[in-house]
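Below: the structure, in structure tokens.
The values are calculated or read from the model by the stated rules, or taken from the named source; none is laboratory data. The shown structure was predicted, so the numbers you read here are calculated from the model rather than taken from an experiment. Cβ sites come from the backbone with ideal geometry, for glycine too, and all protein chains shown count toward neighbours. Please note that ligands, DNA and RNA were not included when accessible areas were found on the heavy atoms of the full protein model with its side chains. Shrake-Rupley method; radii C 1.70, N 1.55, O 1.52, S 1.80 Å.
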Amino acid sequence: MKYRVIGTDPATRRSVSVLSLGAMLMGTRTDEETSFAILDRYVAAGGTFIDTSGNYAFWVNGTQGGESEELLGRWRRSRGVLDDVVIATKVGARPLAPSSGFSGAVMEGLSAKVIRESAARSMSRLGVSRLDLMYAHVEDPSVPVEETVGAFGELVASGEVGLLGVSNHWSWRVERARSVAAALGVSRYEGLQYHYSYLRPRADLPGRDTVGAAQGDLLSLVRASPSPELTLVAYSPLLSGAYVRSDRPLGSGFDHAGTSARLDALRSVAWETGATLNQVVLAWLMGGELPVIPLVGASSVAQLEESLAAVDLELTAAQRARLDEAH
């Protein structure tokens with residue numbers, strides 16, 4: 001395994017594995033025995049960065065979420081205290097009432113009260129006295145940014161939270177929040193969790209909301225902030241299996257000329273290396289000019305093994321240039 005540092009403050013920064021494991025469906029669609037086996041294998045391989053959320057996965061059984069955190073808590077207790085494993089969680093997208101989907105659901109938002117209550121719930125479920133990394137999950141324009149960043153800052157100052165992050169926010173809101181935090185003298189967002197992969201989605205479809213995708217403006221922000229001041233964690237990097245499964249079409253979001261060119265480059269590099277398309281995508285993300293931590297899910301140990309093997313896949317300069325320049 002390889003590792004990267006998130007954060008600049010010696011009191012809160014953490015070294016994490018370059019491959020993060022998502023626990024979104026653990027405790028719901030992925031049963032406990034399978035989930036524990038996946039988590040055990042990940043840790044045995046040197047993995048130290050697990051991702052969850054206080055709202056995971058409410059839509060599966062029509063709840064308010066929390067099943068993933070509860071499972072991770074049971075796993076931690078059954079395996080002993082694992083202080084070297086960083087567990088990241090999120091606040092802001094938990095439905096106020098049991099719900100079977102996002103459509104029509106009213107979410108908790110990012111008020112100071114919600115942030116404090118969510119942190120307490122997450123710590124209780126996970127069985128910890130401090131959250132390693134807490135993200136603002138989705139935007140909440142109804143709450144002044146000063147209130148949100150102030151509440152996060154108080155949790156860091158009290159020792160209840162270590163690192164702060166933000167997910168699915170417009171890049172200008174991220175920078176505004178970081179500027180407000182600096183002015184208030186409190187901790188700033190240092191982790192960015194967004195959808196990012198090798199193929200580039202369109203941003204021009206009618207009604208398409210691209211706030212969750214890492215587009216050029218967000219990538220530019222990361223480049224302008226020297227590592228580890230800002231770290232990009234890429235969720236759904238394997239596009240739910242679309243790179244390798246014919247039953248998982250890419251959809252209209254990737255219906256443009258650049259997709260074919262990049263798939264051709266991806267296939268040629270996979271053939272040269274003997275790796276799978278998924279492994280080349282992960283290696284491209286982890287070792288690029290803008291290093292990214294891919295966040296992968298797994299419903300079996302075999303799926304996880306494929307992703308773990310990508311850590312040791314070294315692309316040549318020529319191969320990386322071919323991937324980068326395809327358009």
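Between Val166, Val280, Val114, the GNM of the chain built on Cα springs shorter than 10 angstrom shows Val114 fluctuating the most.
Mind giving me the FRET efficiency for Ser268 and Ser158? R0 is 51 Å, r the Cβ-Cβ distance, nearest 0.05 is fine.
For R0 = 51 Å, the calculated efficiency reads 0.45.
Between the helical axis of 67-79 and the longest alpha-carbon principal axis of the chain there is an angle of about 90 degrees. Most simply put, the chain has about 15% antiparallel DSSP beta bridges, counting only bridges with both residues inside it.
Toward the positive end of the charge dipole of region 4-82, with +1 on the Cβ of Lys and Arg and -1 on the Cβ of Asp and Glu, the farthest Cα among Gly62, Ala45, Leu25 is that of Ala45. Relative to the longest principal axis of the Cα atoms of the chain, the long axis of helix 112-126 lies at roughly 70 degrees. The phi-based Karplus calculation (6.51 cos²θ - 1.76 cosθ + 1.60; θ = phi - 60°) puts the 3J(HN,Hα) values of region 258-272 at x, 5, 4, 5, 6, 5, 4, 5, 4, 5, 5, 5, 4, 5, 5 Hz, whole numbers, x for Gly and Pro.
Using a simple spin-label model with points 7 Å from Cα along the Cα→Cβ vector, what separation in nm is obtained for Ser100 and Gln64? Using points 7 Å along Cα→Cβ, the separation is 2.0 nm.
Spacing of the modelled spin labels on Asp217 and Arg13, each 7 Å from Cα toward Cβ, amounts to 2.9 nm. Between Asp51 and Leu21, Gly22, Ala23, Ala88, the built amide H atoms are under 5 Å apart, and every one of these is 5 or more places off in sequence or on another chain.
Return a whole-number percent for the relative contact order of region 17-119, with Cα pairs under 8 Å and 6 or more residues apart as the contact set. Please report the intermediate quantities before stating the final value.
Working: 168 pairs, mean separation 27.0, N = 103.
Result for region 17-119 is 26 percent.
Here the 3J(HN,Hα) profile of region 156-169, calculated from phi with Karplus coefficients 6.51, -1.76 and 1.60 at θ = phi - 60°, is 5, 4, 7, x, 7, 9, x, 9, 10, x, 9, 9, 6, 10 Hz, Gly and Pro shown as x.
Surface composition of the chain: carbon plus sulfur atoms contribute 52% of the solvent-accessible area (1.4 Å probe, protein chains only, all chains present). Where does the charge balance sit around Gly288 when Lys and Arg score +1, Asp and Glu -1, over other residues with C-beta under 12 Å from its C-beta? Local net charge: 0. Using only the alpha-carbon atoms, how far is helix 171-184 inclined from the longest principal axis of the chain? Give it as 0 to 90 degrees, nearest 10. With rounding to tens, the tilt is 40 degrees. Dividing the mean sequence gap of close Cα pairs (under 8 Å, 6+ apart) by how many residues the chain holds gives a relative contact order of 17 percent. When region 187-327 is described by a simple charge dipole with +1 on each Lys and Arg Cβ and -1 on each Asp and Glu Cβ, the residue from Gly274, Ser246, Val311 located farthest towards its positive end is Ser246. The charge dipole of region 191-279, taken about its Cα centre with unit charges on the Cβ atoms of Lys, Arg (+1), Asp and Glu (-1) only, comes to about 120 debye.
Name the longest site-free stretch of the chain, where the excluded sites are GluC sites (Glu not before Pro) in a DSSP loop with no more than 10 other beta-carbon atoms within 10 Å.
Working: sites that count: Glu289, Glu314.
With GluC sites (Glu not before Pro) excluded where exposed in loops, the chain gives 1-288 as its longest stretch.
Each of His327, His169, His195 has its accessible area taken with a 1.4 Å probe; listed largest first, they run His327, His195, His169.
Converting phi to 3J(HN,Hα) with the Karplus coefficients 6.51, -1.76 and 1.60 and the offset θ = phi - 60°, region 233-242 yields 10, 9, 8, 6, x, 9, 6, 6, x, 5 Hz in sequence order, with x at every glycine or proline. Between region 257-281 and region 117-196, how far is it from one alpha carbon centroid to the other, in angstrom? Region 257-281 and region 117-196 have Cα centres spaced 36 Å from each other.
Working note: 222 nm ellipticity from helices only, DSSP H runs with n ≥ 4, each -39,500 (n - 2.57), summed and divided by the residues of the chain, gives -12000 deg cm²/dmol to the nearest 500.
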